[in-house]
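Peer 1: Would you mind keeping the following structure in view while I ask a few things?
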Amino acid sequence: MMEQVIESLKWRYATKSFDADKQLSESQLNILKNAVQLAPSSFGLQPYQVVVVQNKEVKQQLRTAAFNQTQLEDASHIFVFAIEKQYAAKHVDAFIANVANTRNTSVESLKGFEDLLKTTVNSRSAEELDAWNSKQAYIGLGILLETAALYNIDACPMEGFNATEFNRILGLDERNLHAVAIAAVGFRSDDDKYHHYAKVRKSYDDLFIHI
């Protein structure tokens with residue numbers, strides 16, 4: 001299994017050109033969604049939601065809002081990671097209720113944990129919370145990319161998009177969400193020259209410091 005993971009990571013690349021005729025199966029899509037759902041986050045809060053876009057007309061609009069990058073239209077699906085805006089104690093309340101329900105315990109028994117979370121949230125500015133929550137979303141994005149590679153599904157993580165326009169097109173403002181990162185997911189086109197390029201990474205000596 002270890003060799004499979006490494007070979008899959010060597011195989012993957014930021015796909016620039018997708019085959020628009022190839023779509024994810026329902027089972028493939030569910031695997032990716034399941035992986036993102038299981039992604040770790042600080043305290044397990046998962047302070048974001050993920051919009052999965054397959055609708056062709058919406059993808060065309062997103063392409064325009066992403067500086068006309070073709071991945072937005074040609075990929076099978078677009079995963080949009082959107083953080084919760086104005087993150088506050090009410091979000092902690094919802095999380096604690098979920099913990100209690102999932103683990104078949106009482107909210108009262110989680111009072112210490114709840115207080116810790118609310119102290120953490122209340123001690124940070126809105127800007128700090130947005131930055132913190134964005135980091136959690138990027139963990140989910142990383143899990144998505146690795147899982148896709150393990151199943152020979154191509155993906156391209158992207159930051160080059162107009163978040164304000166994405167929010168408008170996807171109705172995120174009404175949901176109190178803000179787009180922070182996206183991933184186009186599907187299958188590479190045979191014409192994409194980039195999958196023939198050697199992967200460029202730092203050497204072990206340049207990347208790792210052993211103490």
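Peer 1: Would you mind computing, in nm to one decimal, how far apart the modelled labels at Asn104 and Thr64 are, each placed 7 Å from Cα along Cα→Cβ?
Peer 2: Result for the modelled spin labels: 5.3 nm.
Peer 1: Separate question: I want the local charge near Asn167. Using Cβ-Cβ distances under 11 Å, sum +1 for each Lys or Arg and -1 for each Asp or Glu among the other residues. Present the calculation step by step, with values, prior to reporting the outcome.
Peer 2: Details: positive: Lys85, Arg168, Arg175; negative: Glu165, Asp173, Glu174.
With Lys, Arg at +1 and Asp, Glu at -1, the net is 0.
Peer 1: Name the residues whose placed amide hydrogens come within less than 5 Å of the amide hydrogen of Val107, ignoring near sequence neighbours (fewer than 5 apart) on the same chain.
Peer 2: Here the answer is none, since no amide H 5 or more places off falls under 5 Å of that of Val107.
Peer 1: Next question. For the range 120-171, report the % of Cα-Cα distances exceeding 14 Å.
Peer 2: 69 percent
Peer 1: Bins of 5 Å, beginning at zero and ending with the bin holding the largest distance: percent of Cα pairs per bin for the range 49-131, please.
Peer 2: Percent of Cα pairs in each bin: 3, 13, 16, 13, 11, 11, 11, 11, 8, 3, 0.
Peer 1: What pairs from Lys59/Lys199; Lys85/Lys118; Lys16/Lys56; Lys33/Lys135; Lys135/Lys199 go past 23 Å between their alpha carbons?
Peer 2: From the list (Lys59/Lys199; Lys85/Lys118; Lys16/Lys56; Lys33/Lys135; Lys135/Lys199), the Cα-Cα distance tops 23 Å for Lys59/Lys199; Lys135/Lys199.
Peer 1: Below 14 angstrom from the Cβ of Lys59, what's the summed charge of the other residues (Lys, Arg +1; Asp, Glu -1)?
Peer 2: The answer is -2.
Peer 1: Let me have the 222 nm mean residue ellipticity of the chain computed from DSSP H runs of 4+ only, each contributing -39500 (n - 2.57), with the sum over all residues rounded to the nearest 500. Could the numbers behind the result be given before it?
Peer 2: Details: 9 runs with 98 residues, N = 211.
Rounded to the nearest 500, the figure is -14000 deg cm²/dmol.
None of the figures in this text is laboratory data; all of them are computed from the coordinates on show. Everything numeric here is computed off the predicted structure, so don't read it as measured data. Note that each Cβ is placed from the backbone with ideal geometry, even for glycine, and that neighbours are counted across all protein chains shown.
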